[in-house]
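Asker: Sharing a structure here in structure tokens format.
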Amino acid sequence: MSALEKSMHLGRLPPRPPLPGSGGSQSGAKMRMGPGRKRDFSPVPWSQYFESMEDVEVENETGKDTFRVYKSGSEGPVLLLLHGGGHSALSWAVFTAAIISRVQCRIVALDLRSHGETKVKNSEDLSAETMAKDVGNVVEAMYGDLPPPIMLIGHSMGGAIAVHTASANLVPSLLGLCMIDVVEGTAMDALNSMQNFLRGRPKTFQSLENAIEWSVKSGQIRNLESARVSMVGQVKQCEGITSPEGSKSIVEGIIEEEEEEEEEGSESVNKRKKEDDMETKKDHPYTWRIELAKTEKYWDGWFRGLSNLFLSCPIPKLLLLAGVDRLDKDLTIGQMQGKFQMQVLPQCGHAVHEDAPDKVAEAVATFLIRHRFAEPIGGFQCVFPGC
């Protein structure tokens, strides 16, 4: 596995050759990125996959934080879903529809702090400890002192946060734990190459359709159906596009002002740069919701010691991987000792739950039924994996 492939444990995949998307109509938005078959890259609303949305208020020392959650289901255990870095709760949309049709359960997909539509006072703090406390606080705000049985399921960064949450006993009614394509060894190895990968991504997009198309063609999300709903949670409209012409222009939060003392040549260069930046934003009005590069100081804390934390959690555990080569030494030994259930889902990218939502739903449903956490519905038949 290459260094860039390994680097995807923050929730991203490096560029890959174009792959056919699944789902979605063949008509609609025109292709903007080269020749080929016309496919529909228009965004799809969350309401096609989730039953409801709620903004959960959490009190803390600095005031109120508001966490966005998307929900489905009314009976059975709660599957609390935590997304990868840079993604949002909408990355679980297609999986939600798939799992709800297989077992009796409730879905709560959470936008973690600084992601999606969640609004917090201290958006700079993305430490594992703080995000794990957020999860516990949201559960308490939603269910009070008597929460229902809960299984934590996390992808990439969200998988690490799920483990930290479970290890700190922040969810008292925890039934089980599932990590999706996150392993300490490969994640730690990949951190050095992550900044290079992030620098190689587009910084802006012409439209939501353009962002969705890029995500599919780059291989970040191999499933067009999922990309059409989940990319809306990854990008936002740029700020400063409609700034009035005149003395000051706000570009990416920096007020650029021409200094009278500057030499005429330098002033001209600065003016052109400012105008070019504004023109770029007008032509490409969408950018990433979170600048992952600025979260680097927290990466080590997300993943270091993760394997032993996962193994030490005294609840049934499931590990879903895109490839068996992602296993590190501690998890290999733990798997041989039967400390957790593992399933490899080949022909998936890093965003396993988006690329193969039905396979992930089947694996999770089988896990829930095997441990008698949930009842099957719709004639679902368990398929017990060999490992």
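Asker: Return the pair list, or none, for Cβ contacts closer than 6 Å from residues in segment 299-322 that are under 15 Å from residue 336 (Cα atoms) to residues that are assigned to a loop (DSSP other than H, G, I, E, B) and of a type outside the set (Asp, Glu), at least 6 apart or on different chains.
Answerer: 311/339; 317/340; 319/340
Asker: Would you point out which residue out of 85, 73 is under 16 Å from the mean Cα position of the chain (by Cα) and either of a type outside the set (Phe, Trp, Tyr) or closer than 26 Å to residue 303 by Cα (or both)?
Answerer: The conditions single out 85.
Asker: Please give the number of the condition residue 319 fails out of (1) in a helix (DSSP H, G or I); (2) crowded, with 18+ Cβ neighbours inside 10 Å.
Answerer: It is condition (1) that residue 319 fails.
Asker: From 117, 124, which residue is part of a loop (DSSP other than H, G, I, E, B), at pLDDT 95 or above and acidic (Asp, Glu)?
Answerer: The match here is 117.
Asker: For residue 347, work out the one condition from (1) without any contact (Cβ under 8 Å) to a residue 24 or more places away in the chain; (2) within 20 Å of the chain's Cα centre (by Cα); (3) buried (at least 18 other Cβ atoms within 10 Å of the Cβ) it doesn't fulfil.
Answerer: All conditions pass for residue 347, except number (3).
Asker: Test residue 337 against the criterion of being open to solvent by 50 Å² or more (accessible area, probe 1.4 Å), polar (S, T, N, Q), at pLDDT 85 or above and under 23 Å from residue 309 (Cα atoms), and give yes or no.
Answerer: Answer is yes for this residue.
Asker: What's the total number of residues in segment 326-349 that are in a helix (DSSP H, G or I) and more than 12 Å from residue 182 (Cα to Cα)?
Answerer: 7
Asker: Step by step: first the residues of segment 201-220, then only those that are in a helix (DSSP H, G or I) and open to solvent by 30 Å² or more (accessible area, probe 1.4 Å), then the one that is nearest to residue 362 (Cα to Cα). Which residue is that?
Answerer: Filtering first and then ranking leaves 217.
Asker: Search segment 156-200 for residues being part of a loop (DSSP other than H, G, I, E, B), at pLDDT 95 or above and not aliphatic (A, V, I, L, M), and hand back the single one that is most open to solvent (accessible area, probe 1.4 Å).
Answerer: Among those that are part of a loop (DSSP other than H, G, I, E, B), at pLDDT 95 or above and not aliphatic (A, V, I, L, M), it is 169.
Asker: Please determine, by comparing only the residues of segment 361-371 that are touching a residue at least 24 places away in the same chain (Cβ under 8 Å) and β-branched (Val, Ile, Thr), which one is least open to solvent (accessible area, probe 1.4 Å).
Answerer: Among those that are touching a residue at least 24 places away in the same chain (Cβ under 8 Å) and β-branched (Val, Ile, Thr), it is 364.
Asker: A further question on this structure: With the condition kept exactly as written, say whether any residue in segment 282-293 is exposed (fewer than 15 other Cβ atoms within 10 Å of the Cβ), at pLDDT 85 or above and under 21 Å from residue 156 (Cα atoms).
Answerer: Checking segment 282-293: at least one residue is exposed (fewer than 15 other Cβ atoms within 10 Å of the Cβ), at pLDDT 85 or above and under 21 Å from residue 156 (Cα atoms).
Asker: Looking at (1) touching a helix residue (DSSP H, G or I) at 6+ places or on another chain (Cβ under 8 Å); (2) surrounded by fewer than 20 Cβ atoms within 10 Å (Cβ to Cβ), which one does residue 146 not meet, given that it meets all the others?
Answerer: Exception for residue 146: condition (1).
Asker: Same structure, new question: Could you grab the pairs with beta carbons closer than 6 Å, sequence gap of 6+ or different chains, first residue in segment 89-101 and under 10 Å from residue 226 (Cβ atoms), second one small (Gly, Ala, Ser)?
Answerer: Correct list of pairs: 90/230; 90/233; 91/230; 92/109; 94/226; 95/361.
Asker: Also: Scan segment 109-124 residue by residue and report those that are open to solvent by 30 Å² or more (accessible area, probe 1.4 Å) and either within 13 Å of residue 235 (Cα to Cα) or among the β-branched types (Val, Ile, Thr) (or both).
Answerer: Once the filter is applied, which keeps residues that are open to solvent by 30 Å² or more (accessible area, probe 1.4 Å) and either within 13 Å of residue 235 (Cα to Cα) or among the β-branched types (Val, Ile, Thr) (or both), segment 109-124 yields only 117.
Asker: Do any residues in segment 113-129 that are in contact (Cβ under 8 Å) with a residue 12 or more places away in the chain have Cβ atoms under 6 Å from those of residues that are part of a loop (DSSP other than H, G, I, E, B) and of a type in the set (Asp, Glu), where the two are at least six apart or on different chains, and which pairs are they?
Answerer: 117/111; 118/111
Asker: While we're here: Can you go through 328, 358 and tell me which one is open to solvent by 60 Å² or more (accessible area, probe 1.4 Å), acidic (Asp, Glu), at negative phi and in contact (Cβ under 8 Å) with a residue 24 or more places away in the chain?
Answerer: None of the other options fit; the residue is 358.
Asker: Given the conditions (1) touching a helix residue (DSSP H, G or I) at 6+ places or on another chain (Cβ under 9 Å); (2) at pLDDT 95 or above, report the number of the one that residue 138 does not fulfil.
Answerer: (1)
Asker: Assess whether residue 136 counts as being touching a Ser or Thr at 6+ places or on another chain (Cβ under 9 Å), of a type outside the set (D, E, K, R) and not in a loop (DSSP other than H, G, I, E, B).
Answerer: Criteria met by residue 136.
Asker: Between a first residue in segment 41-61 that is touching a residue at least 12 places away in the same chain (Cβ under 8 Å) and farther than 13 Å from residue 93 by Cβ and a second residue that is assigned to a loop (DSSP other than H, G, I, E, B) and open to solvent by less than 50 Å² (accessible area, probe 1.4 Å), which pairs have beta carbons less than 7 Å apart while being 6 or more apart in sequence or on different chains?
Answerer: Between residues of segment 41-61 that are touching a residue at least 12 places away in the same chain (Cβ under 8 Å) and farther than 13 Å from residue 93 by Cβ and residues that are assigned to a loop (DSSP other than H, G, I, E, B) and open to solvent by less than 50 Å² (accessible area, probe 1.4 Å), the close pairs are 41/29; 42/29.
The values are calculated or read from the model by the stated rules, or taken from the named source; none is laboratory data. Since the structure is predicted, the reported quantities are computational estimates derived from the model, not experimental observations. Here the Cβ is made from the backbone with ideal geometry for all residues, glycine too, and neighbour counts use every protein chain on show. SASA here: full protein model, heavy atoms, side chains in, ligands and nucleic acids out. Shrake-Rupley method; radii C 1.70, N 1.55, O 1.52, S 1.80 Å.
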